[in-house]
Amino acid sequence: LPFFNFTFRELGVNGGVMVTASHNPDEYGGFKVFGEDGEILGFSQGLNKIKDIIDKGNFEIPKYGGNPENIAREKIMANYLKFAIKESGITTEDFNKIKITINAKGAAGEEADLLLNKLSVKNNIQDSDITFSFDSDADRLYALDKNGAKIRPDHILGLFVKDEISFLRKPKVVYDLRISRGVIDKFNEWGIEAWRSRVGRAFIRQMVVSKKADLGGELSGH
């Protein structure tokens, strides 16, 4: 999903569809549908209208045609890797300080391999200090400690917020209503402006955009 979002912006398109069943079993298919500015279209954000059109079978002939075009995926991927490394500030030396495992499959696994190759570091499959695990479409991140115990996603959100805090800047945050009271108390202690959202990635992102927040996260790992 991060690469899809980057490609969406890079091409300057007005909409998109990502073919993915996310965390569902292998026998299921699915779509993530995106509208203007990369907005996720949940049922109440536009999918309901698409459903009505399909149910009625009233398909209008578009006024304007379009031409399919194959994009230069390798070029966009190269730009994406440069962007990810620059924005994160990660270096090869950082990887040498700690043993990290990145567990990702499919396209997400390919991206991880390319990133590691770009930094000339190896994936420490065994005996790592921390493991970062992604679901199949890479929109959920889980972290496990060196003993294999899962680190709560709301605690990770808290760490992200703490890392963003500086003397001149405090990030604005959106969180789902299930996160722990301790994390919220820390937000209050740090003077963070934060908003509570209903559960669901589409709702979280919608509030992030409307509130012009810097970070958003939910207990599911999104």
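A few points about this structure:
- Structure note, pairs Lys51/Lys86; Lys97/Lys162; Lys150/Lys211: Cα-Cα distances above 32 angstrom occur for Lys51/Lys86.
- When you filter the chymotrypsin sites (Phe, Trp or Tyr not before Pro) in the range 1-54 for DSSP loop state and at most 10 other Cβ atoms inside 10 Å of their Cβ, you are left with Tyr28.
- Basic side chains Lys and Arg get +1 at the Cβ, acidic Asp and Glu get -1 at the Cβ, and with that the dipole of the range 1-77 about its Cα centre reaches some 120 debye.
- For the range 131-222, applying the loop criterion from DSSP together with a ceiling of 10 other beta carbons within 10 Å to the trypsin sites (Lys or Arg not before Pro) yields Arg169, Lys212.
- Computed as a quarter of the hull surface, the mean projected area of the alpha carbon convex hull for the range 111-222 stands at 8.5 nm².
- Dividing the summed helix terms, -39500 (n - 2.57) for each DSSP H run of n ≥ 4, by the number of residues in the chain produces a 222 nm estimate of -12000 deg cm²/dmol to the nearest 500.
- Accessible surface, per residue, of the chain when the full set of protein chains is kept, probe 1.4 Å, Å²: 67
- Placing a label point 7 Å from the Cα of Lys146 along the Cα-to-Cβ line, the residues of the range 98-122 whose backbone N sits under 15 Å from it are 98-101.
- Globularity ratio of the range 1-117, using Cα Rg and 2.2 N^0.38 Å: 1.36
- Percent accessible area from carbon and sulfur atoms, the chain, protein chains only, probe 1.4 Å: 53
- Cα-based Rg and Dmax for the chain, where Dmax is the largest Cα-Cα distance (Å): 19.5, 60
- Student exercise, the range 63-222 dipole from Lys, Arg, Asp, Glu Cβ charges, in Debye to nearest 20: 480
- Of the chymotrypsin sites (Phe, Trp or Tyr not before Pro) in the range 103-184, the ones in a loop by DSSP (not H, G, I, E or B) with at most 12 other beta carbons within 10 Å are Phe167.
The values are calculated or read from the model by the stated rules, or taken from the named source; none is laboratory data. Predicted, not measured: the structure shown is a model, and the values here were computed from it. Using ideal geometry, Cβ is built from the backbone for each residue, glycine included, and neighbour counts are taken over all protein chains shown. Note: areas computed on protein heavy atoms with side chains; ligands, DNA, RNA excluded. Shrake-Rupley method; radii C 1.70, N 1.55, O 1.52, S 1.80 Å.
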